[in-house]
Structures are given as C-alpha cells and as structure tokens.
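Colleague: Please see the structure below; I have some questions.
The values are calculated or read from the model by the stated rules, or taken from the named source; none is laboratory data. Computed from a predicted structure; not experimentally measured. Cβ coordinates were reconstructed from backbone atoms using ideal geometry, including for glycine residues, and neighbour counts include every protein chain displayed. When the accessible area is computed, the model is the full protein with side chains, heavy atoms only, and any ligands, DNA or RNA have been set aside. Shrake-Rupley method; radii C 1.70, N 1.55, O 1.52, S 1.80 Å.
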Amino acid sequence: MSPGEGANADRIPLIAANWKMHLTASEAEDWAGRFIPLLRDRAEALDRRVEVAIAPAHPLLDRLGRALRGSRVHLAAQNLHPEPEGAFTGEVSLAMLEDLACDFVLIGHSERRQLFGEDDAFIAAKARRLEASRVRAILCIGETLDEREADRTLAVVDRQLAAVLDATGAGFAGGLVVAYEPVWAIGTGRTATPEIAQTVHASIRRTLVDRLGDRGHGVRILYGGSVKPSNVEELLSQPDVDGALVGGASLDPHSFAEIALACLEMP
Ligand code: PEP
C-alpha cells in the first residue's frame, strides 16, 4: 500500500469525547449511568470494531473512572504538564494521570494553543514526557480559517505534526493517535466535508509513513469539529478517517452512543 492510500483494516476506529469545562462529578456519574446501558447489548462487537474514550475535566477523572469500571470505555484526560512535578499551580502531571488509570491524554488542542498560548515546542515537550508511559497521546492539529483561506492547511498540520515527531522516538509513535481538528469547525456547527477531511488525513498519513515507515499506516487519525450523529457516517466512510473526537455532541449520552454505534454500521 502506498502512503496516503489509507484503508488499513487493522486500525480499529476510536471515538473520543472531549467534555471540555462541562459537567460536575455527579453529572458525570449520571452520564455514565445512562451511557453504558446504551452500549451493553453491543459490547462484544464494540470491543472488536470500535474503541470509546471519554476525556472529562480533571476533577471528574476519579469518579468517572469508577463509574466506567468494567464497561471497556477508556478514561482520557484533557491535558498534562511536561514537567514530572513541581511548582506549577493549577497543572496536572503524568504521574497523576497514570495513578487514575487514564489510557489517553489530549495534547495540542486548539483551545490550549489559542487561549493558553501553548506553542509547538511546549506540546512537543508534553509528547516527550509521554514517551515511556502507557498513557497514549491524542495529538490535536488543525488550521485556523485564515490559514485555510491562505491555502496553508497542509503546511500548518505538517508543521504541528513534525514538531512532535521530531521530539519523540518509536515508543511514542507506537501509541500515537492524531486528531485533525480544523479550528473553524470546532464548536461552530460547520463541519469539514468528507472530501476536505480525507484530503488532509491522506496528507497526514503520507507524513506519518514518510517518518515512521509502515508503522505510519497503523496510526489512527481522528476527525474532530462539529461531529454529530447525522454526519459521522459520511466522515467515517473516508479511508483515512479512523474515528472522531467529539465535543458538544458528547455531552448527551444518547448522541454520543449513536456516534460510537455508527462504527458498527460501517462496512
Ligand atoms: C473539540 O473541541 O475537540 C471538538 C471537536 O468540539 P465540537 O465537536 O464541539 O466541535
């Protein structure tokens, strides 16, 4: 298979929820209590055909983790600090996430880049921290509307991806998940067309294969940006779209379950 061709049957789709700064711990428990039964009769198929992860705000991780126990749904965090510990008020370390049994952590989300000034070097440092950990990175990359209009989309996502690949080795790449999230589609109700998503995902795949060889075919590339039950199937039907990162629509357990279950309908 040549780079960019996609369609790797070994890539199990990942559907990940990003709850951002929404819900309290008791609301999260209630959410899990309503969500898990929606998957239950499909649990075996889900295991083989789709992985599901939830990234709540940090104070919710412990109680949500307990509520999800035994459900096969992964716990994910929204952020970590690159340093192992120290005087970083308000920040969260990798050891804290490991202790809470997180399987994934988001790094490079556009809200962290834009609202909290995180640059490529800082995000690469977080990736380096994850190298020897079992917590896997979901690396978010994507262009702003200005960058898209200036025809710089592929250059921007390539730069964001290269910053992390340059800083890390094979151990990190083995667990890496990439999420392409065009900034203009996040929380706006505007979704990239399946063709736009596939074009960018194929370019990301080419970079991954150039840099990692065959292992690049195994890296999952999620699409994120106003994904909902009504558009998930057409996005997932693209050969290099290996799942979704879902913000707003994940707050409702029914819509998030519909999005996860859509993977079972795919050929
Ligand atoms: C996100 O913030 O990661 C996201 C994809 O949000 P939404 O689905 O609300 O656009």
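Colleague: Looking at (1) away from the ligand (no atom under 16 Å from the Cβ); (2) buried (at least 17 other Cβ atoms within 10 Å of the Cβ); (3) under 26 Å from I186 (Cβ atoms), find the lone condition where S93 falls short.
Modeller: (3)
Colleague: For L245, state whether it is in contact with a Gly (Cβ under 9 Å, 6 or more places away or on another chain), near the ligand (Cβ under 10 Å from one of its atoms) and open to solvent by less than 10 Å² (accessible area, probe 1.4 Å).
Modeller: Judged against the criteria, L245 is a match.
Colleague: With the requirement that a residue be small (G, A, S), without any contact (Cβ under 8 Å) to a residue 60 or more places away in the chain and open to solvent by 10 Å² or more (accessible area, probe 1.4 Å), what does the range 96-124 give you?
Modeller: Within the range 96-124, A101, G117, A121 meet the criteria.
Colleague: Looking at (1) surrounded by 23 or more Cβ atoms within 10 Å (Cβ to Cβ); (2) out of contact with any strand residue (DSSP E or B) (no Cβ under 6 Å at 6 or more places or on another chain); (3) in contact (Cβ under 8 Å) with a residue 60 or more places away in the chain, which is the one condition that is false for H201?
Modeller: Looking at each condition in turn, H201 falls short on (2).
Colleague: While we're on this one: Is it the case that some residue within the range 223-230 is within 12 Å of the ligand (Cβ to nearest atom), open to solvent by 10 Å² or more (accessible area, probe 1.4 Å) and not in a loop (DSSP other than H, G, I, E, B)?
Modeller: No, every residue in the range 223-230 fails to be within 12 Å of the ligand (Cβ to nearest atom), open to solvent by 10 Å² or more (accessible area, probe 1.4 Å) and not in a loop (DSSP other than H, G, I, E, B).
Colleague: Please state which of the following conditions E234 fails to meet, knowing it meets all the rest: (1) within 16 Å of the ligand (Cβ to nearest atom); (2) open to solvent by less than 10 Å² (accessible area, probe 1.4 Å).
Modeller: (2)
Colleague: On to the next question. Mind listing just one residue for me: the one in the range 145-182 that is assigned to a helix (DSSP H, G or I) and in contact with a Leu (Cβ under 7 Å, 6 or more places away or on another chain) and, of those, surrounded by the most Cβ atoms within 10 Å (Cβ to Cβ)?
Modeller: So the residue we want is V164.
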